[in-house]
Amino acid sequence: MIWYVDDDNTIRDIEVYTLTQTGFEAKGFADGISMLEALKTENPELIVLDIMLPGKDGVEVLKEIRSNPETRKIPVIMATAKGTEMDKIQGLDTGADDYLVKPFGVMEMVSRIKAVLRRCEPDEKEEVLSIGEITLSDKEHLVTVNDEKVVLTFKEFEILKLFMSNPGIVFSRDKLLSEVWGIDYLGESRTVDMHIKTLRQKLGDAGTIIETVIGVGYKMEGKR
């Protein structure tokens, strides 16, 4: 089941119709508040979420989805009419899996949905990673340092998980953008640098395990 959230009735009806004609079950919502209410009783496979919504905008709605343990794994594609760099950054940093810039073709939407669903196929294997004083539980979405809980944003968690899954491997900024943000995101490298800086700060003294490789990118030293 794919949910499409857009306050434009015409656009929403066209997209829902297209999805049903291409083999998906689909349901439309005119605002994020009604969609969040529906999430209390049902979880879709994926949500296409417009940024400009009445009541609560798409970014606020996405934050609620990602903060709820019952819904945080649902793939979300953000749709924006603005197409500005900051809209994309804000949506992706909040935890969007991809974005569409309006106006977009219906088949582009279907293609993006299929690609995100392939990327987000559930992994039933529980993985707990430990390096030095840092422990990360993917299933519980929990990070601790010396058994003390550390609160990370969605992207900070994904960056840390990537490093801890690949100790000693150097990741360029472009590679981090591709792996963590999930797309070939043509943003400025300071987006990565900002996230690394805040991640190190939140990890405290343990954050020094994330090393800068001058002229290349970042890596995490240590053994799993």
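Every condition in (1) modelled with pLDDT under 90; (2) more than 17 Å from THR191 (Cβ to Cβ) is met by ILE65 except one, and the failing one is (1).
The number of residues in the stretch 94-117 being more than 21 Å from ASP7 (Cα to Cα) and surrounded by fewer than 18 Cβ atoms within 10 Å (Cβ to Cβ) comes to 4. Counting just the residues of the stretch 195-224 that are touching a residue at least 60 places away in the same chain (Cβ under 8 Å) and closer than 13 Å to ILE169 by Cα, which one comes out surrounded by the most Cβ atoms within 10 Å (Cβ to Cβ)? In this case the residue turns out to be MET220.
Checked against the criterion of being under 23 Å from CYS120 (Cβ atoms), of a type in the set (Gly, Ala, Ser) and buried (at least 19 other Cβ atoms within 10 Å of the Cβ), the candidates GLY28, GLY23 yield just one match: GLY28.
The values are calculated or read from the model by the stated rules, or taken from the named source; none is laboratory data. In this text the structure is predicted, and so the values were computed from the model without any measurement. Virtual Cβ from ideal backbone geometry, glycine too; neighbours counted across all protein chains shown.
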